[in-house]
Structures are given as structure tokens and as C-alpha cells.
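Everything below concerns the one structure shown next.
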Amino acid sequence: QVNLVESGGGLVQSGGSLRLSCAASGSFFSIDAMDWYRQAPGKQRDMVATITSIGSTNYADSVKGRFTISRDNAKETVYLQMNSLKPEDTAVYYCYVHARTSYYEPTRGYWGQGTQVTVSS
């Protein structure tokens, strides 16, 4: 079982910054890629950024140059530093972790509970 606890959301003015965290806990064998998704009201959930176990990253075009994903493998935590925030970044942000609960189990995906980010104009 993998438990994910997110933090760092809130209300910020346009141009401001926030840093999201997602800490994994529980009984698991390994964590592979770690992702951030977001979902605005009435829209589908889209991937924002992803980071592999060795630190390779990829970003949605809409956040390139403004957001930075990172991870601390010792703390089993993934971060999303969000700078130059825009009103269109307003959404619930979810972390998604690819993990194996044992050597014999395949990699599965686990969702965090979500954290609200609101950017005012």
C-alpha cells in the first residue's frame, strides 16, 4: 500500500509562486516515476510534469520555463516549484506515483488526494 500526502497549495496573486510537496509512505518496494497532474473545473485531468527515478524530467508546454519538478529519493517526496503563476494555472493539483509494493508485483499508479491552487488576477 502506498499513501501520498500532498501539501503546499493555496491562494496566490498572478505572478506569484507556490511550492507543492507530495510525500509517499507505506509499504512499497520501489518508486519509479513521479508525476504532477492538474484538473480545472469542468476540464479533464492533465499531466503537468514528470520525473523519472534518475531525475529525467518532462513538462507540459503550458508550464515550461515556469514550473520545476524535483524529487528527494531519501525522503520519497516529489516537489513542484511553480513560478510566474497565471490565473489559468488555477486547478486541483494531484501527484501520481508509479510504485511497486514488492519485487514480485508490477508497477502500479497511486494518486494523491489533491491540493487546490488558486491564482487571482
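FYI, it's all coordinate maths here, none of it is from the lab. The structure displayed is predicted, hence computed values, not measured ones. Cβ: placed from backbone, ideal geometry, glycine included. Neighbour counts: every protein chain shown.
So here's what we get for this one:
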| quantity | calculated |
| --- | --- |
| Cα-based shape type of the stretch 65-121, given that a ≥ b ≥ c are square roots of the gyration tensor eigenvalues and the cut on a/c is 1.5 | prolate |
| Check: the chain dipole with +1 on Lys, Arg Cβ and -1 on Asp, Glu Cβ, in debye | 140 |
| Those lysines that a straight Cα-Cα span of less than 26 Å connects to residue 43, excepting residues fewer than 8 apart in one chain | 64, 86 |
| Chymotrypsin sites (Phe, Trp or Tyr not before Pro) restricted to DSSP loop in the stretch 31-121 with at most 14 other C-beta within 10 Å | 103, 104 |
| Trypsin sites (Lys or Arg not before Pro) within the stretch 6-51, DSSP loop, no more than 11 other Cβ atoms inside 10 Å | 43 |
